Amino acid sequence: MHKILFLFLFFSFIEVTNSQFLWYENETDIAQIEFESSISGLYFTNITNPDNTGINTNSKVSKFSKEEGISAFLQYDLLNPVTDFTGYSVTIKAYVDIPTGSLTAANSKLRIYFASSSSAEITFKQLNFTVGQEWQTFTFHFDGTTIPQEVLDANGYNLIKIGFANGSLPEPAVIYYIDTISSTKEQVVNSDAEIVNWLSGSWGLTFPVYGGERLDSEVAGGYDLPSGAQEVIDELPAVGHIITNLSYFAHSHYFTLRQNRNVDVAIEIHESLVPSMTNEAIIFEVIQKFKDAGKKVILYISTNYLDRAINDGADIEEAWINYYNNDFNGNEYAAYRDLIEGFVLEMRDYADGYWLDTTAQLNDDGHLEDFVQMIRDADPGAIISAQPNGAYFTDEYGNYILVDSDGYDDDDDRDYKIISFEGVNGYQDFTSGHVTPLGQGAPPNSWAYEEFTIPAMVTNPWTVFEGNIILKHAWFPVRERWHVSNQPLVFGTEDAYRFAKRIIDANAGVTFATTIDDIGSGKGYMMRDEMDIMKTINNRLLSSPIPDFEPYVRPEGAFLVGETLNVNDIDVEFDELVLFPNVVKQHFKLSKEISSGIVYNLKGQEVLEFKKNQISYDVSFLDEGIYILKTLNQNGERYFFKFIKQ
């Protein structure tokens, strides 16, 4: 991902040449710094270059529409905070959409700031545009800049900001374009320092062992979980990690262990919460098999105290209430923290990480950060995911992007948000990876993940929150309900392989929520249909060369809220606008006049723009594939067309 740039900056008739590392560029999809926010303006990426005849020939750039005011910023997170400015410089290409004759000392200002999320101290350098409506290269030299001790104590400057026309007097609104941000220092994750690095580029699956009296019942009913684990090892050697249980999925009162260093759970709370001592050995046998095979193990913990115990008997809930009232003076959190700490102390020689689910109550009570720290203290070196809420994609105005339809056969009228695996707190190591909740109407294999979620992981597999570096990890259910064997599959082999390979190639992490069979001789083994899919992924990943995946094609009839998607056929008459022919080899035509049109690829990137109506539209230079044309007519009506370019 590193490119050496030789950038020439001419100021005061002095030529300065620096060898620099590329941090950010639309054209190459390089993003070693992560956009965090904009202030007093709207930020757009993958915008058509307003002038590719000069020093910037890239077709795609970023745009910042600055509002009227005294200051405006773009802010990015740094993966590697700056603790030493020796020899440090930052170079950026920028364009201001003002005629040269209208430039003033105020509106021509361009600044680079370094800031800390933990300190009010900042430092900046300023240069000025000398020409308008033309790309210029600016190099900001920070060599010799002293970093205050307060910032060093906070581990350095972890933010970089671009400031536009900042001053003491309000400046009119104006549009800026930026591209090709680079520096004398790299912005890449230091693998030696990141304990989560082993999950980067790893794919895994789920092997549930539920615990409590349920485990006793399953073993009595013929479940052979150790043999099921061995089958996974034998059939899927490419799998890098396994998620299994310390507590039952979404039922925080069933635990896989009977032993606990802090409390005798069976005697002091309730017998049904834990399995028999004989069956407890099963979880150790299963995990040891995975460890011996070289696979990392992540333990799942449902952390909503024991609030679902009443579903399995009021006596269990009553026992828990009596326990924390009598032993912890009514402090339920203190009792729960002590309980889980005792289990972690038992498992720390087996677990490589912990996946905390249902953390909303801990978060609302203000205990989540303390709870995570307890696990870190009990099991130093283990990685942790703790994400009480998800992040979702928004448009340039901050509104959620919503899926309207998943296709012509979509019977669910609900519109749903599109999950974005971004860090939302400073104390997790990897994102939980939960998809948009199924209860919101989102299928686990939503086409929107193909166009938004996964491309964001591919562009940058790491996310930053207040200086904390977090690996992007996705956890996809394989069936319509998580781990429910009688539910239909939602992944076919090809789309599952495409999801996995795109994420693995990006060096993010991915886990499939595979299911244990509960019928006949399959009890304790992965479901046969799921194993067939996983074996295909495994075998392809071990091939040489590794085969590519089948290209993604948006499902017919799938569209976002606000889109009007028409897929037209030349043999059918329409009163509305029609695109033909479709398939397109060199040119297409439209049946009615338009005032403008934009062509997007299936990553949502703009690849071509038509600014007026034409007799025919030349797309001969586009690569073969599927494209979307968005048109605007003279009445302001929008139409969307999918077309195939061959």
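Only residues that are in a strand (DSSP E or B) and under 22 Å from residue 59 (Cα atoms) were counted in region 589-608, giving 8. Could you list, in sequence order, the residues of region 609-646 that are assigned to a strand (DSSP E or B) and over 26 Å from residue 407 (Cα atoms)? Correct list: 609, 610, 617, 618. Where strands (runs of 3 or more DSSP E) fall wholly inside region 97-191, the ranges with 2 or more residues that are among the hydrophobic types (A, V, I, L, M, F, W, C) and under 15 Å from residue 75 (Cα atoms) are 109-116, 119-128, 157-164, 174-183. Identify, please: which residue in region 488-541 is among the small types (Gly, Ala, Ser) and surrounded by 21 or more Cβ atoms within 10 Å (Cβ to Cβ) and is, among those, farthest from residue 472 (Cα to Cα)? The selected residue is 524. Listed by first and then second residue, the pairs linking a residue in region 446-470 that is over 29 Å from residue 115 (Cα atoms) to a residue that is surrounded by fewer than 23 Cβ atoms within 10 Å (Cβ to Cβ) and basic (Lys, Arg), with Cβ atoms under 6 Å apart and 6 or more places separating them unless they lie on different chains, are 447/554; 454/502.
The set of residues from region 318-358 being over 20 Å from residue 268 (Cβ atoms) and not hydrophobic (A, V, I, L, M, F, W, C) comprises 348, 349, 350, 352, 353, 354, 357, 358.
Among all positions in region 7-26, there is at least one residue which is under 26 Å from residue 608 (Cα atoms), part of a loop (DSSP other than H, G, I, E, B) and modelled with pLDDT under 90. Criterion applied to 459, 453 was being of a type in the set (Val, Ile, Thr) and surrounded by 22 or more Cβ atoms within 10 Å (Cβ to Cβ), and the one residue passing it is 453.
For the structure I just gave you, tell me whether residue 548 is closer than 19 Å to residue 226 by Cβ and either out of contact with any Gly (no Cβ under 6 Å at 6 or more places or on another chain) or not in a loop (DSSP other than H, G, I, E, B) (or both). Spelling it out, it is not the case that residue 548 is closer than 19 Å to residue 226 by Cβ and either out of contact with any Gly (no Cβ under 6 Å at 6 or more places or on another chain) or not in a loop (DSSP other than H, G, I, E, B) (or both). Among all residues of region 393-409, there is at least one that is in a strand (DSSP E or B), closer than 27 Å to residue 506 by Cα, free of Cβ contacts under 8 Å to residues at least 24 places away in the same chain and outside the structural domain of residue 34 (by TED's automatic domain parsing).
Cβ-Cβ contacts under 7 Å between residues 6 or more apart (or on different chains), taken from a first residue in region 145-162 that is closer than 16 Å to residue 183 by Cβ to a second residue that is among the acidic types (Asp, Glu), are listed as 158/77; 159/77.
One residue stands out among those in region 52-91 that are assigned to a strand (DSSP E or B) and β-branched (Val, Ile, Thr): the one that is surrounded by the most Cβ atoms within 10 Å (Cβ to Cβ), which is 61.
The values are calculated or read from the model by the stated rules, or taken from the named source; none is laboratory data. Note that the structure is predicted; figures quoted are calculated from it, not measured. Here the Cβ is made from the backbone with ideal geometry for all residues, glycine too, and neighbour counts use every protein chain on show.
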